[in-house]
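To start, the structure under review is shown below, and the notes come after it.
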Amino acid sequence: TDLRPLDILSEVAPAGGLARGLRVFQVQGVRGFQLSPSRPRALGFPASRLFIHCDRFPEEFSIIVTLRALRVPAKRNEYIFTLMVEESPSVLVGLRYAPDKLHFLFWSQERAGGWQTRVTFPNVSLSDNQWHTLILAVSGQSFSLTVDCSVPKDVVVETPFPASLSVRRASFYLGNRRRRKGVFTGLLRQLVLLPGADATPRICHAVNFKVAALSVPTVLQDVPAKPVSNDVLKYPYETDMKVTLGARPRCSKQQKAQFWFNASRRGLYLCNGSAWVSMLEVKHRLDYVEEHQNLVTNSETMGIEVFTIPKVGLFAAMANRVTPPGSAIYRWTDGKFVHYQNIPTYQAQSWKYFTIGKKIFLAVANFEQNERGQEFSVIYKWSRRKAKFITYQRITTHSARDWEAFVIEGEAFLAVVNHREGNNHNIDSVIYRWNPRTGLFEANQTIPTSGAYDWEFFTIGPYSFLAVANTFNGTSTKIYSHIYIWLRGSFQLFQSILTFGAADWEVFHIGDRVFLAVANSHSYDSGMPAPSNFYAINSSIYELNITAQMFVKFQDLLTYSALDWEFFSVGDDSFLVVANSFDGFTFSVNSIIYRWQGYEGFVAAHHLPTVGCRDWEAFHTAEGSYLLYSSAKEPLSKVLKLKTT
């Protein structure tokens, strides 16, 4: 066999028409085949059509699949394809998937005693109703699976793929193993066999990894913008025309031709494959900011978390300094925040809301010990029966400042920032992994940090990152903060950036550009002469440079002991608001809203009087858009309404 791609899918969809049992369906702007379970044999063809010059399956090869899988019930398998000899029920070569697993099957008479060998790739999450491209590379005993061009999963088995596997009198079957049980229920767009090569380099240069193509049947390719003749469509297809509500969803080739209705802006948008195009919109622009609510809190507030519990409502959790009475949770009622629940905390610094499946959690970072001298931070779980948060898990921490929750490859993680232990600021912060068997978080990785304040998790394409804001190493605030990348099952150092008492990272996107802003709080070095002002210091915005594969400085902004950045949008405009807390003389300092001005970068637009500002949160309701800020110096937070024109 030569080294050309062998398009298995095109054999059941030749240029003249479709095989019986195939329908063309369009989802998220991408077409695929839906297979009928009633006629599995109709979706087969002789292997001799592909193996014209040789009746042996290649010893080394790649299989490329683009699919959209539906959720599969537990203990059920669905076949993507099989290669079977006509008179035998055994599978010579096959690919099937189960919940969170992918299995590659092959028959090896000489090495396995005539038994089938199964190579299993665990933690492969395909059943999310999204398009995915898989590349399976096979060479001897080595099997490598790449999903959406992310980091490959490598498996080495005892039994190698056979060097001489005969395909005489064998047939390929699409989405089945010649029976109705186990028929593939999703959509198939691409199924290609590439002999003699790892297809990853040929696939993973595409812009959209999830629908990257090596060879796609003609009927599934995009229709030209203008018809080439007056003929009716040769291949009729169906589409799931869907309108998404709520916050701005992603718009890529997968979502092409989908609609999004933004209720707060009263706008209808169409995804063109890269951006949301306004079809009908009431344009809003930020005019000014007005005070909406003075929210009296239990004590000074170190952090805020605004979140929505489905079918319950909008909430704000305040991390209050004094114990008792601890920290308070407020519920948005009739256009205002109203006290809802008190939770005992110990100089709480921040809250983090997250979900795992149907479970709803809220984690608090406690800075001090409790009455018994124990130092715990606590995860609370929402009780639907009691309609409040109840204690779920206690985790030992050391002057915890922040929690960050995230999901990688279907697994849930929770990272804590440990600020110091006694007078030692150079200690480990910990990343915990959710154990679905025990229903608890367990320590998974430690990362050395220096007086750290904040974690920030973000993804770029298939890659996951975690940035830490290091604040103080015991002698200086002029230290490196670090960005880590997830590789081979753990976070590894990606880039170090010099910061000055870093208190917060904020990642945000403007169009296709990715930015990372750091809030620098003060400049202090015990071995250097004191500056004229420790607190009047630049905070910096960095932009991802794809070519250099690193973040490079984009803009410096003068801030005054900055403790937080918050990114938000109004209409088509993007904004950053900074929490200025102290200018060296007074805590009554203006915090600034900066407007994105394209080539000019961020330009100061609104000056907001604040007192010891510690945290900002932006949120939206049916009544409009708001900012909520907390004060670390007085028991009063403020809700500000963004007035638009």
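The values are calculated or read from the model by the stated rules, or taken from the named source; none is laboratory data. As the structure is a computational prediction, the values presented were derived from the model and not from experiment. No Cβ is skipped: glycine too gets one built from the backbone with ideal geometry, and neighbour counts run over all protein chains shown. Heavy atoms of the whole protein, side chains included, go into the accessibility calculation; ligands, DNA and RNA do not. Shrake-Rupley method; radii C 1.70, N 1.55, O 1.52, S 1.80 Å.
Based on the alpha-carbon gyration tensor of the range 478-616 and its eigenvalue square roots a ≥ b ≥ c, which shape applies: rounded if a/c is under 1.5, prolate if not and a/b is larger than b/c, or oblate? The shape class here is oblate. What the phi angles of the range 588-595 give under the Karplus curve with 6.51, -1.76 and 1.60, with θ = phi - 60°, is a coupling list of 7, 10, 5, 8, 10, 9, 9, 9 Hz, glycine and proline written as x. Only beta bridges with both residues in the range 6-220 are counted; by DSSP, about 100 percent of them are antiparallel. Per residue, the range 73-186 exposes 42 Å² of accessible surface when a 1.4 Å probe is rolled over the protein heavy atoms with every protein chain present. For Lys358, a cut-off of 17 angstrom between C-alpha atoms picks up these aspartates and glutamates, skipping any fewer than 8 places away in its own chain: Asp128, Glu411. Pairs exceeding 26 Å between alpha-carbon atoms, taken from Lys253/Lys359; Lys153/Lys352; Lys553/Lys638; Lys352/Lys386; Lys336/Lys643; Lys75/Lys388: Lys253/Lys359; Lys153/Lys352; Lys553/Lys638; Lys75/Lys388.
Full extension of the segment from Ser166 to Lys101, taken as 0.36 nm per residue of separation minus the current Cα-Cα distance, would add 20.6 nm.
Hey, could you grab the Kirkwood Rh for the chain? Inverse mean 1/r over distinct alpha carbon pairs, Å, one decimal. Working shown, then result.
Details: mean 1/r = 0.0362 Å⁻¹.
Mean inverse Cα-Cα distance, inverted, gives 27.6 Å.
In the chain, carbon and sulfur make up what percent of the accessible area (probe 1.4 Å)? The partial results should precede the final answer.
Working: 14710 of 28920 Å².
Answer for the chain: carbon and sulfur cover 51 percent of the accessible area.
Expressed as a fraction of 2.2 N^0.38 Å, the C-alpha radius of gyration for the range 105-172 is 1.29. When restricted to Cα atoms, the range 356-460 yields an Rg and a Dmax of 14.2, 44 Å, respectively.
With helices as the sole contributors, the chain gives 0 deg cm²/dmol at 222 nm; each DSSP H run of n ≥ 4 counts as -39500 (n - 2.57), and the sum is divided by every residue. Between Leu18 and Val155, the C-beta separation translates, for a Förster distance of 45 Å, into a calculated FRET efficiency of about 0.80. Scattering from the range 6-220 was approximated by placing one identical point on each alpha carbon and applying the Debye formula without solvent; log10 I(q)/I(0) at 0.14, 0.15, 0.16, 0.18 1/Å stands at -0.81, -0.95, -1.10, -1.47. The charge dipole of the chain, taken about the Cα centre with unit charges on the Cβ atoms of Lys, Arg (+1) and Asp, Glu (-1), comes to about 3020 debye, rounded to the nearest 20. With no other cysteine's Cβ closer than 4.7 Å, which Cys residues of the chain count as lacking a disulfide-compatible partner? Singleton cysteines: Cys54, Cys613. Compute the distance from the alpha-carbon center of the range 442-457 to that of the range 460-500, in whole Å. With the range 442-457 and the range 460-500 each reduced to a Cα centre, they are spaced 9 Å.
In terms of its Cα atoms, the range 146-210 spans 38, 32, 21 Å along the principal axes, sorted from long to short. Pair-distance distribution of the range 392-518: all C-alpha pairs, bin width 5 Å, starting at 0; shares per bin in whole percent are 2, 11, 21, 23, 19, 13, 7, 3, 1.
Extending 7 Å from Cα along the Cβ direction at Val407 and again at Glu600 yields two label points whose distance is 4.1 nm. Residues whose amide H comes within less than 5 Å of that of Ser625, counting only those at least five positions distant or on another chain, are Leu642 (H built at 1.01 Å from N in the peptide plane).
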